[in-house]
1. Restricting the first residue to segment 34-62 and requiring it to be in the same structural domain as V86 (by TED's automatic domain parsing), which pairs with a second residue that is of a type in the set (D, E) meet a Cβ separation below 6 Å and a spacing of at least six or different chains?
2. For the list (1) part of a loop (DSSP other than H, G, I, E, B); (2) modelled with pLDDT of 95 or more, I need the number of the one condition that Q183 fails.
3. Determine whether segment 190-209 contains at least one residue that is assigned to a loop (DSSP other than H, G, I, E, B) and at positive phi.
4. Here is a check on your reading of the model: is R220 part of a strand (DSSP E or B), charged (D, E, K, R) and without any contact (Cβ under 8 Å) to a residue 24 or more places away in the chain?
5. Go through segment 54-80 and report how many residues are assigned to a helix (DSSP H, G or I) and over 22 Å from the mean Cα position of the chain (by Cα).
6. Taking P93 as the residue in question, decide whether it is in a loop (DSSP other than H, G, I, E, B), touching a helix residue (DSSP H, G or I) at 6+ places or on another chain (Cβ under 9 Å) and closer than 30 Å to T241 by Cβ.
7. Can you run down the residue pairs with Cβ atoms below 7 Å, 6 or more apart or on separate chains, where the first is in segment 199-210 and small (G, A, S) and the partner is not in a loop (DSSP other than H, G, I, E, B)?
8. Could you check segment 110-133 and list, in sequence order, the residues that are without any contact (Cβ under 8 Å) to a residue 60 or more places away in the chain and either in a helix (DSSP H, G or I) or in contact with a strand residue (DSSP E or B) (Cβ under 7 Å, 6 or more places away or on another chain) (or both)?
Amino acid sequence: MPINIALIGLGHMGRIHLGKLCAFDDVAVPGIVDIDEKLAVEHSQKYSVPSFSDYKDILGASSGAIIATPTQSHFAIAKACLEAGVHVFIEKPITASLEEAQQLVDLAAARGLVLQVGHLERLNPVFTHASPLIRKPLLIEARRISPFTGRSTDVDVVLDLMIHDLDLVISLVGEEIKDISAQGTPLVSDMLDIVSARIEFAGGCVANLTASRVSTFRERSLTVYERDRYFAMDLMQGKLTSITRDESSLMSTSEFTAESMDAVKDELLQFIGAIRGQGAPSVKGIDGLKALDAANRIRGFIADKQSKPHR
C-alpha cells in the first residue's frame, strides 16, 4: 500500500524532491504546498497532484511530510506535522535555533515518529564507502566552494554549505568539540559568503573547513588523515583515493569510483523505509542538532570577533 507523503515548499530542493517522490511506485503525494499559489498550481498540473496554500490542510491525509521551505519556517511547520502524528523529513539546517531543534528532537521521540534531516552528503557513495575504513582521524581537511547562484540567500554560507561538512566531520570523529575558531566575510550578499573554520575535538583531531559561495569553480572535497594513511574523497566526482604506508614504509594506493550517485533519491528511500519500520535513517534529528550547534558556534565566533574594535 502506498505511503502518503506531502511536499511543503517548492523551491530548488523542493522541486527535486517532488520529482523523486512522484517516480516511486510505493508513494502517493496527497498534496504539495507553497505560499506562491501560482507555482503550486503549476506543479500540481505537471505532476497531477493536489496543491494547497496552507500546509495544515494536508496533514490529515499524510503519513509523512518533506519540509523544504526557508529555514526560519522549519520549526513551526515541523512541530505542527509531528503534533499531527506525521513523520518528518526536513531540509538542512534543521531549524534556525538550537532550542527549536531540541524541541523537535524531543517531540519526535515522545511521539515515536521519524525525524530525518537532509544532510544528503552522508549518503554520498564515496563517503559511505570510506567511513567504515576510517578508524582514528587525526586531521581532516574539507573544502566546499562554488560560484554564487543566488539561492539560499536567507542563510549565510555556514548554514548553506559548510553545514554539510560539519555533519560529515562530526559523524566521523564521534567526539565532543573542544574548541572552535573561524574567520569569514560577506562579499556579494549581506551575510557571510566565505568562511574558514578550525575545529578541535576532545581526542585531539583537528578539522579545517572552508566554504565559499563566491568562487569561480566548484569543489566538494574531504580528506581524512590517520597515522600512516589518508583518504581523499572527491564528493562531487564520486572518487576516493586511499594512500597507506606499510611496515616497510612503502606507500600503496587504492582507488574507488562510485558507479552511480543519487543521494536525494537514497535519502528519500531511507525516509520511506523508516516510516515502514525498516530501520532508522542515516541522519536523524539529533545529527541535525549537532551540526547546527557547530555551525552556530562558528558564526558566533566570527560575529564576536567582528564586533570587537581593531587595535
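The values are calculated or read from the model by the stated rules, or taken from the named source; none is laboratory data. Everything numeric here is computed off the predicted structure, so don't read it as measured data. Reconstructed Cβ throughout: ideal geometry from the backbone, glycine too, with neighbour counts over all protein chains shown.
1. A40/D34; S53/E37
2. Condition (1) is where Q183 drops out.
3. We begin by selecting, within segment 190-209, every residue assigned to a loop (DSSP other than H, G, I, E, B); these are 190-193, 202-205.
Narrowing further to those that are at positive phi: 204.
For segment 190-209, residues assigned to a loop (DSSP other than H, G, I, E, B) and at positive phi: present.
4. Numbers: part of a strand (DSSP E or B): yes; charged (D, E, K, R): yes; without any contact (Cβ under 8 Å) to a residue 24 or more places away in the chain: no.
In short, no.
5. Pass one, segment 54-80, residues assigned to a helix (DSSP H, G or I): 55-57, 59-61, 71-80.
Restricting the remaining residues to those that are over 22 Å from the mean Cα position of the chain (by Cα) gives 55-57, 59-61.
Qualifying residue count for the region: 6.
6. Details: in a loop (DSSP other than H, G, I, E, B): yes; touching a helix residue (DSSP H, G or I) at 6+ places or on another chain (Cβ under 9 Å): yes; closer than 30 Å to T241 by Cβ: no.
Considered against the rule, which asks whether it is in a loop (DSSP other than H, G, I, E, B), touching a helix residue (DSSP H, G or I) at 6+ places or on another chain (Cβ under 9 Å) and closer than 30 Å to T241 by Cβ, P93 comes out as no.
7. Qualifying pairs under 7 Å: A202/K178; A207/I140; A207/A142; A207/V169; A207/I199.
8. The first filter runs over segment 110-133 and keeps only residues without any contact (Cβ under 8 Å) to a residue 60 or more places away in the chain, leaving 110-113, 128, 131-132.
If the condition is that a residue be without any contact (Cβ under 8 Å) to a residue 60 or more places away in the chain and either in a helix (DSSP H, G or I) or in contact with a strand residue (DSSP E or B) (Cβ under 7 Å, 6 or more places away or on another chain) (or both), then A110, R111, L113, T128, S131, P132 are the ones that fit.
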